[in-house]
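Structure, as structure tokens:
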Amino acid sequence: DLTELRKTATEILGVVKDIKGCSESGIEQEGPQTQLTIKMDRVQAALHGVNFVDIQRMTEMAIGGKTVSSLVQNGQSFDISIRYPLARRAQIREIGTLLVKTAAGGAVPLSQVARIESIEGPSKITRLDGSRFVSVWMNISGRDQGSFVAEAMKRVYGQVKLPQGTEVIWGGQFENLT
């Protein structure tokens with residue numbers, strides 16, 4: 001659970017940043033970012049004869065851009081990409097008006113066959129040995145690493161209740177020391 005991991009990382013950061021010798025600290029991964037989600041309404045899509053792949057291809061091209069050809073000039077190759085103008089892809093209402101091909105050869109607005117939402121989601125999901133993790137980093141100044149990490153471990157394990165299945169791994173330059 002990334003929300004729980006970030007909450008725990010924030011608690012750990014609150015503990016370690018006040019330890020003597022901690023000159024800088026932070027959480028490596030950025031917080032949540034706004035994301036656009038487009039979820040096909042399978043019933044409405046079927047009623048209109050719209051295929052999932054058609055929705056995917058249209059939104060990929062319209063919003064993200066799609067390479068359709070290339071241009072070779074003076075020995076260099078340049079991709080030619082197309083996508084809709086910013087005004088057509090910047091607002092959910094406008095995205096809903098994008099037309100999707102139907103099996104009968106017509107077109108239907110995307111909003112009639114899909115739910116379009118703006119949600120908060122992770123900007124990055126980092127993994128270590130197949131498990132998700134969030135990094136708390138710190139720089140140490142005016143103090144030896146060994147005593148700093150020993151104090152940090154004592155405080156973190158004493159003050160932060162780790163959610164079940166969560167572990168703290170102490171790494172970085174400290175690993176070289178040990």
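Here are a few things to note about the model shown:
- Residues of the range 14-27 satisfying the condition of being assigned to a helix (DSSP H, G or I) and open to solvent by 30 Å² or more (accessible area, probe 1.4 Å): G14
- Exclusive hit being within 28 Å of G65 (Cβ to Cβ), surrounded by 11 or more Cβ atoms within 10 Å (Cβ to Cβ) and within 23 Å of the chain's Cα centre (by Cα), set T126, T166: T126
- When M58 is tested against (1) over 30 Å from Q112 (Cβ atoms); (2) open to solvent by less than 60 Å² (accessible area, probe 1.4 Å); (3) modelled with pLDDT under 90, exactly one condition is not met: (1).
- Residues in the range 81-127 that are assigned to a loop (DSSP other than H, G, I, E, B) and among the hydroxyl-bearing types (S, T, Y): Y84, T97, T102, S123, T126.
- Test set (1) of a type outside the set (K, R); (2) surrounded by fewer than 14 Cβ atoms within 10 Å (Cβ to Cβ); (3) over 30 Å from I55 (Cβ atoms); (4) in contact with a Gly (Cβ under 6 Å, 6 or more places away or on another chain) - Y157 fails condition number: (4)
- Scan of the range 32-55 for residues that are over 15 Å from E117 (Cα atoms), open to solvent by 80 Å² or more (accessible area, probe 1.4 Å) and not aliphatic (A, V, I, L, M), ordered by number: P32, R42, N51, F52
- In the range 16-27, the residues that are without any contact (Cβ under 8 Å) to a residue 60 or more places away in the chain and under 9 Å from W137 (Cα atoms) never reach a residue that is of a type in the set (V, I, T) and open to solvent by less than 70 Å² (accessible area, probe 1.4 Å) with C-beta atoms less than 8 angstrom apart, at least six apart or across chains.
- Of all residues in the range 93-112, none are touching a Ser or Thr at 6+ places or on another chain (Cβ under 6 Å), farther than 16 Å from D54 by Cβ, modelled with pLDDT of 90 or more and open to solvent by 50 Å² or more (accessible area, probe 1.4 Å).
The values are calculated or read from the model by the stated rules, or taken from the named source; none is laboratory data. Here the structure is a predicted model, which means the values were calculated and not measured. Note that each Cβ is placed from the backbone with ideal geometry, even for glycine, and that neighbours are counted across all protein chains shown. Protein only, heavy atoms only, side chains kept; ligands, DNA and RNA dropped before computing areas. Shrake-Rupley method; radii C 1.70, N 1.55, O 1.52, S 1.80 Å.
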